[in-house]
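Taking it in order: structure first as structure tokens, then the write-up.
The values are calculated or read from the model by the stated rules, or taken from the named source; none is laboratory data. It should be emphasised that the depicted structure is a prediction, and the values quoted were computed from it without experimental measurement. Methodologically, a virtual Cβ is constructed for each residue, glycine included, from the backbone with ideal geometry; neighbour enumeration extends over all protein chains shown. Note: accessible area is taken over every heavy atom of the protein model, side chains too, but ligands, DNA and RNA are not part of it. Shrake-Rupley method; radii C 1.70, N 1.55, O 1.52, S 1.80 Å.
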Amino acid sequence: TILDIVVNNEIDLDGYGACEGTLTCSTCHLIFSKEVYDSLPDKPTDEELDMLDLAYELTDTSRLGCQIV
Ligand code: FES
């Protein structure tokens with residue numbers, strides 16, 4: 001997942017991925033361009049959409065990084 005990439009490369013994004021991918025935080029919120037969003041391999045699940053509703057500055061092209069493989 002994108003969260004794994006951040007963690008494995010020790011990218012210092014303060015607070016990113018606080019729940020470690022268990023879909024309980026939304027700190028891994030990412031906003032993509034429309035083109036990239038449409039090219040992502042999977043669409044968000046209902047569980048991801050529920051958590052995205054709590055994300056700061058939600059957009060139509062928002063996803064949670066821990067859910068993108
Ligand atoms: Fe918590 Fe993605 S890391 S929802």
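Quick one: pull the percent of accessible area on the chain belonging to carbon and sulfur, 1.4 Å probe, ligands and nucleic acids left out.
Details: 2390 of 4640 Å².
That share works out to 51 percent.
Give me the percent relative contact order of the chain, please, defined on Cα pairs under 8 angstrom at least 6 residues apart.
Working: 82 pairs, mean separation 31.1, N = 69.
Across the chain, relative contact order equals 45 percent.
Tell me what the chain gives for mean residue ellipticity at 222 nm when only DSSP H runs of n ≥ 4 count, each as -39,500 (n - 2.57), the sum divided by the residue total, rounded to 500 deg cm²/dmol.
Values: 3 runs with 20 residues, N = 69.
-7000 deg cm²/dmol, from helical runs alone.
Between T22 and L58, what is the label-point separation in nm under the 7 Å Cα-to-beta-carbon projection?
2.2
Work out how much length D14 to T45 would gain on full extension: take 0.36 nm times their residue separation and subtract the Cα-Cα distance, in nm to one decimal.
Numbers: separation 31, 0.36 × 31 = 11.16 nm, distance 2.59 nm.
Between D14 and T45, full extension yields 8.6 nm more.
Heavy-atom accessible area per residue, the chain, 1.4 Å probe: how many Å²?
Details: 4640 Å² over 69 residues.
Heavy-atom accessible area per residue stands at 67 Å².
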